[in-house]
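Okay, so here's the structure we're looking at.
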Amino acid sequence: MTEPKDQASRLQTIAAAYGVASDVAFGAVAPPLYLSSTYEFAGYDQPRSYDYGRAGNPTRDLLGQALAKLEGGAGAVITASGMAALDLLVGRMGPGDLILAPHDCYGGTMRLLKARANRGHCVVRFVDQGDESAFAAALEDVPALVLIETPSNPLMRVVDIAELAAKSRAAGAAVAVDNTFLSPAIQQPIALGADYVIHSTTKYLNGHSDVIGGAVVAADPVQVDELRNWANVVGSTGAPFDAWLTLRGLRTLFARMEQQQRNAMIVAQYLERHPAVSQVHYPGLAAHPGHRIASRQQRGFGAMLSFELAGGVEAVRRFVAADGYFTLAESLGGIESLVAHPATMTHADMGEEARSRAGISDSLLRLSIGLEAEQDLIAGLEQRLAACAG
C-alpha cells in the first residue's frame, strides 16, 4: 500500500497510547474500567453522557474510538462477538436486499448468512469474487451489500479491495470488508474504498485468546449513528470488561503482528520445500496467485497460512496427533501457535458440497502462527511432518 513513511508509525502510536493518561478524576495512566450498568441523571429529564450500559459505556467507547482511528473511520460499534458485528450489518437488511458474499468465506459467516436468508430476512448469493465475469454478473442484480474477505479463511485468497469496492459502489452497493486476518496494522480497507470494516476482536486486536468480541467501523458518521442505534435496539453491544481487555491487547498489536508475520514467512518457506506438503497458501510467497495484490494493498502478509498434506486424511490425523508447539484448536490471532482442520472444525457447517466448491479439501490444515521462537516452530513442524510418514 502506498502511503507516507510515517503513516504506520502514527498508527502504531495510536494503538499504544490512545486514551492513556486521559482520566480526569484521578490521573490514572491506564484508562479506567467502568463496569456500571446504569448512570445517575443530573436531574429531571437531564440525562448525562451515559444513562444505561447497553446504549453506551466509557470503556467500550474508548476502544471504539481507538479502532476507528486505526481504520480511518468515522466511528465504531463494539459488539459481543465477531458474528454479532457481522449481524449488526446483515440484521439491518430488508427481505429483498441482496448480499454478495465470497464463495470461500469463513464457515461461521456462511452459516449466519444462510440462516438469515432462510428466514426471509435478506437474499444471499455466494460468488467467486476473484472471477471478474462472475462478479460483474452478480452486480447486475443490484446488491445492497457486498461482503469482502481478504485474505480468505482458510485458503488465503486475496482480492483487490479497491477494484471490487469501486465496482460495487458504482452498482449502488455498500461495501464491507472483514479485516480480522490482518488488522489495521497491515491493511486499512476504508482507505481502499470500503464503507465498513468488520472485526472479530477476539483475534489479533485482543491477541491473547481470552476475550470474545467484535467491532464494526464505518466510514460515514451517519452510518455510525445508525449502527449504534441498532446495536442498542438488538442489544448486541459488548461487555465493558471485554472492551478493557481488548484495549489492553491493542497496545501491543503492531509489535505482535511484526514478529508473528516474520515467523509465518519462515514457516511458509519451510513448508513450501517439504516433500510431505503438496501446496502452501500464504500470500507472502512469490508463487501465491494473490502475492502482487497483497503487496500493493497490505503492509505485510500476516500470520495466517494453510497447507495441503500430500498424504491425505491419514496424514492429517497423524499430524494433529503428534507433539510440537501447535495446539489443535479453533480461533486464531493469539500469541500461541494453533493448528486447525477446517473441514472438521471451522468450516464443518458448510457441508461437503460447499467446501468442495470453495476448494477446502480434507487434507487442508490452517495455521495461526504465534510468538514462539522460530527454531521451535520449525522443530515442531518437523516432528509433526515426520509423524505423517507413519
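The values are calculated or read from the model by the stated rules, or taken from the named source; none is laboratory data. Computed from a predicted structure; not experimentally measured. Reconstructed Cβ throughout: ideal geometry from the backbone, glycine too, with neighbour counts over all protein chains shown.
Here are a few things to note about the model shown:
- Count of the stretch 45-94 residues which are assigned to a helix (DSSP H, G or I), under 11 Å from Thr237 (Cβ atoms) and out of contact with any strand residue (DSSP E or B) (no Cβ under 6 Å at 6 or more places or on another chain): 1
- Filtered by the rule that a residue be within 28 Å of Asp6 (Cβ to Cβ), among the charged types (D, E, K, R) and touching a Gly at 6+ places or on another chain (Cβ under 8 Å), the stretch 149-208 gives a lone residue, Lys203.
- A count restricted to the stretch 263-309 and to residues that are assigned to a loop (DSSP other than H, G, I, E, B) and touching a helix residue (DSSP H, G or I) at 6+ places or on another chain (Cβ under 8 Å) stands at 13.
- Contact map, the stretch 61-72: first residue closer than 14 Å to Arg248 by Cβ, second residue surrounded by fewer than 21 Cβ atoms within 10 Å (Cβ to Cβ) and aliphatic (A, V, I, L, M), Cβ cut-off under 7 Å, separation 6 or more or different chains; pairs are Ala66/Ile14.
- The set of residues in the stretch 9-44 that are of a type outside the set (Phe, Trp, Tyr), assigned to a loop (DSSP other than H, G, I, E, B) and within 26 Å of the chain's Cα centre (by Cα) comprises Gly19, Val20, Pro31, Leu33.
- Yes/no for Phe135 being assigned to a helix (DSSP H, G or I) and aromatic (Phe, Trp, Tyr): yes
- Output for the stretch 155-189, where each listed residue is among the hydrophobic types (A, V, I, L, M, F, W, C) and either without any contact (Cβ under 8 Å) to a residue 40 or more places away in the chain or in a helix (DSSP H, G or I) (or both): Ile161, Ala162, Leu164, Ala165, Ala166, Ala170, Ala171, Ala174, Val175, Val177
- Extreme residue, nearest to Ser368 (Cα to Cα), among residues of the stretch 174-185 that are surrounded by 24 or more Cβ atoms within 10 Å (Cβ to Cβ) and hydrophobic (A, V, I, L, M, F, W, C): Phe181
- Residue check for Val320: hydrophobic (A, V, I, L, M, F, W, C), touching a Lys or Arg at 6+ places or on another chain (Cβ under 9 Å), in a helix (DSSP H, G or I) and modelled with pLDDT of 95 or more: yes
- Ser356 vs. criteria free of Cβ contacts under 8 Å to residues at least 24 places away in the same chain and not assigned by TED's automatic domain parsing to the domain that holds Asp210: yes
- Some residue of the stretch 318-336 being in contact with a strand residue (DSSP E or B) (Cβ under 8 Å, 6 or more places away or on another chain) and closer than 18 Å to Glu272 by Cβ: yes
- Just one of the listed residues (Val277, Val316) is in contact with a His (Cβ under 7 Å, 6 or more places away or on another chain) and under 18 Å from Ala340 (Cα atoms), and it is Val316.
- Residues of the stretch 359-385 classified as free of Cβ contacts under 8 Å to residues at least 12 places away in the same chain and among the hydrophobic types (A, V, I, L, M, F, W, C), total: 1
- Filter result (touching a residue at least 24 places away in the same chain (Cβ under 8 Å), surrounded by fewer than 23 Cβ atoms within 10 Å (Cβ to Cβ) and under 18 Å from the mean Cα position of the chain (by Cα)) within the stretch 314-346: Ser331, Ile335, Glu336, Leu338, Val339, Thr346
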